[in-house]
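Some notes on the structure that comes next.
Read-outs: derived from the displayed coordinates by stated rules, not from any lab. Keep in mind that what you see is a predicted model, and the values were worked out from it rather than measured. For neighbour counting, all protein chains shown are included, and Cβ atoms are generated from backbone atoms with ideal geometry for every residue, glycine included.
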Amino acid sequence: MHAEERPGGRPLVIAHRGASSLQPEHTLAAYTTAFDLGVDGIECDVRLTADHHLVCVHDRRANRTSNGTGVISTLELARLEELDWASWKVLDDGSAPEAADEDPERGRILTLRRLLTSLVDQNQELLTLIETKHPTRYGGLVERQLVTVLREFGLTIGDLPNLPHVRVMSFSLLALMRMRGLAPQIPLVYLVEAAAPRMSFDGSLPSGVNAVGLDVRIVRRSPSVVRAHQRRGHDVYVWTVNEREDVERCLELGVDVLISDRPRDVMALLD
Ligand code: G3P
Ligand code: CA
């Protein structure tokens, strides 16, 4: 019995950092493009700024995905708002992504609040995977701020949430346990990377965790891990599924959720 409803038995397709092969990752355009593609859900990394705003950024530093530099957790939101988070992106063929001309918001840093506002405005039904990233200087503040923001969007601790499709993911078990304490009704996904110790590979998960998110390299070399988890009632998410062979492998194995930079291509393969 799995928590995620799989339309027609096929795996759910999640846009990783938005439709990040088509638009600059983690920009609003990446997410609205994903909505337009008809994905089943979105994935977003969150980090705390120096003034404790949650922003959607993968890397510890601003360098790769903006025209600025510096560690996100040491910069205030106002500084991140001054940067251009879109112009760095070049598509695989060397061209620039399709852009709505003169859109002043295009290169703007995306806060979690703006992303959730857009989700609520456009399509509340999407599965929303929020991954917390962890600079140690903030300890549990990341989770507390996340719960604060989710509450603003209707999540009341102890009641049924207004955002039933939110999942919180992390590589940090400590982070997941903090979330469990703050908002026990939100399902948790424990991320496991290929270099992780083998303890997770027998299908066991720490108590209170609902699902596992596996690095696709684990699934390539140890496919039996999918069944091992499902036998114990866990949903199995796999990232980052961009190649045809991996989509086919995951389909054969009955993976529940495919997280991809190329959701358009993955959905075309599943049709
Ligand atoms: O969806 C899980 C995946 O995003 C974890 O890896 O480095 O892309 O955040 P990363
Ligand atoms: Ca992520």
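Key figures for this structure:
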read-out	value
Size of charge dipole - the chain - debye, nearest 20, with Cβ of Lys, Arg +1 and Asp, Glu -1, no other charges	1240
FRET efficiency, Ser172 to Ser95 (Cβ-Cβ, R0 30 Å, nearest 0.05)	0.20
About the Cα centre, charge dipole magnitude for the stretch 37-196 (Lys/Arg +1, Asp/Glu -1 at Cβ), debye	900
Furthest towards positive pole of dipole, His58, Val13, Val189, structure part the chain, Cβ charges	Val189
The chain - Rg (one decimal) and Dmax (whole number), Cα, Å	17.9, 52
Cα-Cα pairs of the stretch 165-271 separated by more than 20 Å (percent)	38
Whole-angstrom Cα spans of the stretch 36-158 along principal axes, big to small	48, 35, 23
Model label zone, Glu245; criterion: amide N under 18 Å from point 7 Å along Cα-to-beta-carbon; scope the stretch 202-234	215-224
Whole-angstrom Cα spans of the stretch 1-108 along principal axes, big to small	46, 33, 22
Segment Arg232-Gln185, length gained on full extension (0.36 nm per residue, minus Cα span)	14.9 nm
Added length on full extension, which subtracts the Cα-Cα distance from 0.36 nm per residue, Glu5 to Ala78	22.3 nm
Cα lying deepest toward the dipole's positive end in the stretch 196-258, options Val219, Ser207, Asn242, charges on Cβ	Ser207
Electrostatic dipole magnitude of the stretch 16-75 [Cβ: Lys, Arg +1; Asp, Glu -1; Cα centre; debye, to 20]	280
For Gly68, distant residues with modelled amide H under 5 Å away	Asp84
